[in-house]
Amino acid sequence: MIKRLQQTTDNDRFKIKKLVLIAIIASIILIPETIIHLLAVIAHTVYETIAFAIEEVLIHGLGLSKFYAQMIVFYGSLAIAGMVTIILIRRLPSMLAYTRTRTTESYAQLRADLINRWQLLPTRHKIQVILMQFVGMLSMMALVLS
């Protein structure tokens, strides 16, 4: 019984993560300037907070002057950024290949599911779906031409 409860919480976590990811992607598509600016402000605030804390530790903990503490923090963060950039450049081809493979697999699965569902629909429902699509296209054409 405990294992069954654990499995449902894992599924719930996966669903929540999936919903959050969909919400983030949708918000980036719908309002990219605002979301990107918000993420940049958050990242900058986090960086400045960590840099300030390290500076204070260097100044008060090790007795360095403010100038040397700032230089250590600046060049340290520059070195970290360089290492992260190198790691990303090395891993980018494998990440792109993984993404391409997963996207192709998802597309094939979705296509197979849609074909299967279409074949299982009764003829009456198929006609209704086709008519709804036709009416939708006509109304969009009327909207564009007006």
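Read-outs: derived from the displayed coordinates by stated rules, not from any lab. Since the model is a prediction, treat every value here as computed from it, not as a measurement. Methodologically, a virtual Cβ is constructed for each residue, glycine included, from the backbone with ideal geometry; neighbour enumeration extends over all protein chains shown.
Placing unit charges on each Cβ (+1 for Lys and Arg, -1 for Asp and Glu) gives the chain a dipole about its Cα centre, and among 16, 86, 116 the Cα reaching farthest toward its positive end belongs to 116. Distance between the pseudo-spin-label points of residue 26 and residue 95 (7 Å out from Cα toward the beta carbon): 2.5 nm. Secondary-structure-derived ellipticity at 222 nm for the chain, considering helices only, amounts to -33000 deg cm²/dmol, per-run term -39500 (n - 2.57) for DSSP H runs with n ≥ 4.
Based on alpha carbons, the Rg and Dmax found for segment 65-145 are 27.2, 81 Å. Using only Cα atoms and rounding to the nearest 10 degrees, what angle (0 to 90) does helix 123-145 make with the longest principal axis of the chain? Result, in degrees: 60. Using θ = phi - 60° in the Karplus curve 6.51 cos²θ - 1.76 cosθ + 1.60, the 3J(HN,Hα) couplings for segment 86-103 round to 5, 4, 5, 5, 6, 8, 4, x, 5, 5, 5, 5, 4, 5, 5, 5, 5, 5 Hz; x is entered for Gly and Pro. Tell me which label goes with the value of Rg and Dmax of the Cα atoms in Å computed from the coordinates here: (i) 26.4, 82; (ii) 16.1, 53; (iii) 14.6, 44. Only one option fits the structure, namely (i). Given their separation in residues at 0.36 nm each and the Cα-Cα distance between them, residue 64 and residue 13 gain 13.7 nm when the chain is fully extended.
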